[in-house]
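Data first, discussion second: the structure below is written as structure tokens.
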Amino acid sequence: MGIKMRHSALAAAPLALALLAATGCDSTSTSDTGAKPTAAPSSTPVARVCAKPAGGPAKAPAGAVTVDPAVVGDLAAKTRSNPPNTTFWLRPGKHRLDPDRYAQVIPKAGNRYLGAPGAVLDGRKKNQYAFGGSARDVTIRHLTVQRFVAPHDEGVVNHDSADGWVIEHATIQDNSGAGLMAGARQRVRASCLRGNGQYGMNAYKAGGRISGLVVEGNEITGNNTGDWERRREGCGCTGGIKFWAVDGADVRGNWVHDNRGTGLWADTNNNDFRIENNVIEANDGAALIYETSYNAVIRKNTIRRNNWVEGRREASRGDNFPFATVYLSESGGEPRIKARTDKIEIYRNVLENNWSGITLWENADRFCNSPANTSSGDCTLLVRDTDRCAKPAIARPPLYADCRWKTQRVDIHDNRFVLDKAVVKCTAKCDRMAVLANYGTYPDWSPYQGEKVAEAITRKQDNRWHDNAYVGPWKFVAHDPSRVLTFGKWQGTPYQQDAGSTFRARAGG
């Protein structure tokens, strides 16, 4: 984990009621034929669900058990006393659990929890968890869940990462830890994940992988109120959503904004992501980090005004690393791992007035079984036994290649990159597009010492920019942070990047 690593069930209701209202902001569009991006009104919608939450049923559905907010602990008690597949309707008002810190609702398989307009489950800053347990296929709709105090790295809703849950038209806000956790086949739709202490959602399942996750039409805003990177520098433990070991995720149509830290962060052995049609803006850190992970499509997103806080801070410290708004760290396409794509493809996005653009990075000292691997204990998806990545075997095929998470097979095309330094309020180091690595030094038995990794990521691992449109004073970094290039040198030998791309040095006009 960590940004730089240099040294370091109800059927889903129609979503049209609450999902998406058009922004009307300027953006770009292209056709699927690969035409150059051109200015056009944005078709990327914004999920304004926090300001306009969809109302739940005003009356109890037929057969539902009614839950009374005047009775403390009524929701948990009635859940215990009723069989699986029961529907519960929470009356308007503030519902409370027993005052014990561990008091929580333990659903049974197939339970459904529906909030009436104004129904709130309030932890009163006393209860740690709202909904937990291992029951599958639980649905929570039209309910506000707030003021629970989950510990660091834990979550309030679906605390135990059970499978098949549906969280829809919910507001999960003002909690410590993560607003919710995730299990396999989880669906999070049209919900407001707002103002939580660490994450809006922590997609993590202890001891296992999460498959088939859908995150659609949500507003994810103002999370990491606890400012955990300041409290634990380099922890890599913050953001709007953090994904860990997720195999197959669709992240679409969300509005991810104003989070302290990263907007969306996929960290450690994720695979097969589609991140599309989102608006990601005004996050303090990167809009998106895809780290030590595989195979993704990132397309048709509007990405603007991200990384102003963290990028500016590092530049003021004199750091010349190209901190970016889309950051791929030791991540790439791998045909041997089953997915809907065998590369990382980034296309038809608009990136406007962020702190820098896209950085492809690979830490030469970070590999399976290296002390420099901050994803401690994890190995690549190609080598399950960490101990195999040791000398002398690691210096020979196949382990020489397979013990590394590699930034490879990245295809960046038909995007529009706009930078106006007057808007970003910067004079330098906010204008970079980069593909680079560090000089390998550690550990002393590493077969990746020297410039081997820098040469590989820059020239040998099929990382390509092409057919993009640049507006503004962009610069390009290749091989290592010291090689800052003009557009012409970036296009020329030996780098040969951005064939078919256009470059206009000044924004506006």
Quick one: if the Förster radius is 30 Å, what FRET efficiency do residue 313 and residue 94 give, using the C-beta to C-beta distance and rounding to 0.05? 0.15
Cα principal axis extents for region 371-454, largest first, Å: 53, 28, 23
Ordering 205, 242 by the accessible surface of their heavy atoms, 1.4 Å probe, largest first, yields 205, 242
Put one equal scatterer on each alpha carbon of region 325-410, apply the Debye formula with no solvent term, and list log10 I(q)/I(0) at q = 0.22 1/Å to two decimals. -1.09
For residue 390 and residue 233, extending 7 Å from Cα along the Cα-Cβ vector and measuring point to point gives, in nm, a value of 3.4 nm
Kindly state, as a whole number, the per residue volume in cubic angstrom of the convex hull around the alpha carbon atoms of region 409-463. 108 Å³
Can you show me the helix-derived [θ] at 222 nm for the chain, built from DSSP H runs with n ≥ 4 at -39,500 (n - 2.57) apiece and divided by the number of residues, rounded to the nearest 500. -1500 deg cm²/dmol
Of the cross-linked pairs 300/343; 94/205; 343/406, which ones have a Cα-Cα span greater than 20 Å in the structure shown? 94/205
Packing-based order for 295-304, 487-496, 114-123, 48-57, using average beta carbon neighbours within 10 Å, highest first: 295-304, 114-123, 48-57, 487-496
Would you give the gap between the C-alpha center of region 430-450 and the C-alpha center of region 316-382, rounded to a whole Å? 13 Å
Taking the full set of protein chains and a 1.4 angstrom probe, give the accessible area of residue 347 in square angstrom, rounded to the nearest 10. 30 Å²
Once ligands and nucleic acids are excluded and a 1.4 Å probe is used, how much of residue 421 is accessible, expressed in Å² to the nearest 10? 40 Å²
Binned Cα-Cα distances of region 405-501, short to long, each 5 Å bin given as a whole percent: 3, 12, 20, 22, 18, 12, 8, 4, 2, 0
Averaging over every viewing direction, what projected area does the convex hull of the Cα atoms of region 184-303 cover, in nm²? 6.3 nm²
Specify which residue in the list 222, 413, 400 is farthest towards the positive end of the charge dipole of the chain, using unit charges on the beta carbon of Lys, Arg (+1) and Asp, Glu (-1), about the Cα centre. 222
Sorted by average packing, counted as other Cβ atoms within 10 angstrom per residue and highest first, what order do 227-239, 192-204, 359-371 take? 192-204, 359-371, 227-239
Nonlocal amide H pairs with residue 352, under 5 Å, H built at 1.01 Å: 303, 304, 305, 418
Which value, to two decimals, describes the C-alpha radius of gyration of region 101-504 once divided by 2.2 N^0.38 Å? 0.98
Ranked highest first by the average count of other Cβ atoms within 10 Å around their residues, in what order do 313-325, 170-182 fall? 170-182, 313-325
Can you pull the one-decimal nm distance between simple spin-label points at residue 460 and residue 71, each 7 Å off the Cα toward Cβ? 7.0 nm
Give, in nm to one decimal, the length gained when the segment between residue 425 and residue 445 is fully stretched (0.36 nm per residue of separation minus the Cα-Cα distance). 2.7 nm
√(5λ) per eigenvalue of the Cα gyration tensor, region 219-266, largest first, Å: 20, 15, 6
If you rank 124, 147, 80 by how much accessible surface each has, with a 1.4 Å probe, what is the order from largest down? 80, 147, 124
Taking the convex hull of the Cα atoms, report for region 374-423 its projected area averaged over all directions, in nm². 6.5 nm²
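The values are calculated or read from the model by the stated rules, or taken from the named source; none is laboratory data. These numbers were taken from a predicted model, which means no experiment stands behind them. Note that each Cβ is placed from the backbone with ideal geometry, even for glycine, and that neighbours are counted across all protein chains shown. Surface accessibility is based on the protein's heavy atoms, side chains included, excluding ligands, DNA and RNA. Shrake-Rupley method; radii C 1.70, N 1.55, O 1.52, S 1.80 Å.
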